[in-house]
2 protein chains.
Amino acid sequence: MVKKSISSEKRILEGAKKIFHEKGLEGSRMQEIADEAGINKALLHYYFRNKENLFNAVFREALQEIFTKLFQIAGTDIAFEQKIRLIFHDYIGFLQQNSYIPGFILSEMRQDPDKLARIMKSANISPSALYAKMKESVSNESIGEMDYRNFIINLLSLCIFPFAARPLLQIIFDFTDEGYDDFLEKRKNELPEFFMNAIR
Amino acid sequence: MVKKSISSEKRILEGAKKIFHEKGLEGSRMQEIADEAGINKALLHYYFRNKENLFNAVFREALQEIFTKLFQIAGTDIAFEQKIRLIFHDYIGFLQQNSYIPGFILSEMRQDPDKLARIMKSANISPSALYAKMKESVSNESIGEMDYRNFIINLLSLCIFPFAARPLLQIIFDFTDEGYDDFLEKRKNELPEFFMNAIR
DNA sequence: GTCTATATGGCGATAGAC
DNA sequence: GTCTATCGCCATATAGAC
């Protein structure tokens, strides 16, 4: 019974991920998630009691993934310029593998800032720890008189925005889906030079 | 009667703007919009027939604003570096005055890329014209071997992302609302140097 | 744990008086 | 053009059999 139980819960979470990522909290239907998971609608409530709990589990996981990856790369013990290269390569690589995450988080965080802060806490994401680690990995380097927060925000902007704004950018530049994937792949190699030039 | 009619339609659009910007298509209620506009729910349908029509009017306007401003600045006939400074100053200034737009567009565009393309057409936003104008305003300058699409995307990333990701960034860096406003104001002045360094 | 059946409420939309 | 009243549907959530 335990095995069966775990399996159902897992399938529900997988289904919920797919549907919520695509349509958001308000746009998703419990029936749709049940269908996706191949189980009955009532079982969703058995495991998660209500829609919001289920959504929060999915949202929390997305936040964990996007920050864990950033922590991991930012914590690597290598020279500054190498770390910049690593971030652009590995973090964008991560986003290529999880391309739904930026849009999902940016969309779903909007409704309630307090809830966002609460979920980040429950996900054991410590803003101050992230803050410290990023500052530390930057502070001893020559980023001139630049505010280190701008440093980080610029880095994140250049990585994340092309994923969040993808539908619009594809229309503007007339990219096919494949064409945009190729473009992003090449972009990974152009960004380190752009960024290293910028901060010297 | 004509005066009254125009007034009602306008108030509906204003109310719809406020509610849709805040809660999106799925999260907004027609009743809420009617309350906001100070009129009856049935009148919404009298003027716009259904929810989607009303939403599309609001969405179209947001797209028009964000692109019109970009066209306008990109079309100014001044030297390259001055134009870069102008874009960062004026475009971010525009976003400061319309801070809901980035999040609203990035969130609501996700559901249906075809609909997005259709609305951009109906808003007389010509991707190819934008494409051409931006390329033209860049192509004769020394942006090295950089792909001009990356040039534009980097510019937009640095301007727009801090607005779209604001709730998260405020938590990470422990900004108050006012503190973040001040930060953005200073950021406007740091970005031109960052960007000009980057592309040389 | 998993299902079918159903309660309950809310929302978009319309009818129809004024 | 503007309102009140209401329809009809659909989504979340629960009851209860197995």
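A Cα-only calculation for the protein assembly as shown places Rg and Dmax at 22.2, 73 Å. Within 10 Å of each Cβ in peptide A:79-89, how many partner chain Cβ atoms are there on average? Round it to a whole number, please. Partner Cβ neighbours, averaged per residue: 0. A crude spin-label estimate for the pair B:Asp112 and A:Glu193, with each label 7 Å from Cα along the Cβ direction, gives 4.3 nm. With label points set 7 Å from Cα along Cα→Cβ, the inter-copy distances at A:Asp77 are 6.1 nm, sorted shortest first. Alpha-carbon geometry of the range A:58-199: the Rg and the Dmax are 15.7, 42 Å, given in that order. Take every Cα pair under 8 Å whose residues are at least 6 apart in sequence, average their separation, divide by the length of the range B:20-109, and the relative contact order is 33 percent. Look at the alpha carbon pairs under 8 Å that are at least 6 residues apart: their mean separation over the length of chain B gives a relative contact order of 21 percent.
Computed from the Cβ-Cβ distance with R0 of 45 Å, the FRET efficiency linking A:His89 to B:Arg29 stands at 0.50. Neighbour counts of C-beta atoms inside 10 Å place B:Phe161, B:Phe71 in the sequence B:Phe71, B:Phe161, starting with the fewest. When each of the peptides A:59-70, B:79-90 is scored by the mean number of other C-beta atoms lying within 10 Å of its residues, the order from highest to lowest reads A:59-70, B:79-90. Put in line by how crowded their Cβ is, counting other Cβ atoms within 10 Å and starting with the fewest, A:His45, A:His21 read A:His45, A:His21. Label points for A:Glu52 are taken 7 Å from Cα along Cα→Cβ. From this copy to the others they lie 3.0 nm apart, shortest first. In terms of distances greater than 29 angstrom between alpha carbons, the cross-link table entries B:Lys133/B:Lys188; A:Lys41/B:Lys18; A:Lys51/B:Lys51 yield A:Lys41/B:Lys18.
Simple rule: put +1 on each Lys or Arg Cβ and -1 on each Asp or Glu Cβ in the protein assembly as shown, find the dipole, and look at A:Gln97, B:Ile19, A:Thr68; the Cα lying farthest toward the positive end is B:Ile19. A Cβ-based charge dipole, computed about the Cα centre of the protein assembly as shown with Lys and Arg at +1 and Asp and Glu at -1, lands at about 1260 debye. With a 10 Å cut-off around each Cβ of B:100-107, the average count of Cβ atoms from other chains is 4.
The Rg/Rh ratio for the range B:1-49 is 0.97, where Rg is the radius of gyration of the alpha carbons and Rh is the Kirkwood radius. For the range A:186-200, the Karplus equation 6.51 cos²θ - 1.76 cosθ + 1.60, evaluated at θ = phi - 60°, returns couplings of 5, 4, 3, 7, 8, 5, x, 5, 3, 6, 5, 4, 4, 9, 9 Hz by residue, with Gly and Pro reported as x. Each other copy places its own label point for A:Thr176 at 5.4 nm from this one, sorted shortest first, where the point lies 7 Å along the Cα-to-beta carbon line. Legend: mean number of C-beta atoms from other chains within 10 angstrom of residue C-beta atoms, peptide B:23-34, equals 2. Taking each DSSP H run with n ≥ 4 as -39500 (n - 2.57) and averaging over every residue of chain A yields -25000 deg cm²/dmol at 222 nm.
Coordinate-derived values only; no laboratory data. Keep in mind it's a predicted model, so treat the numbers as computed, not measured. Heads up, the Cβs are rebuilt from the backbone with ideal geometry, glycines too, and the neighbour counts pull from every protein chain shown.
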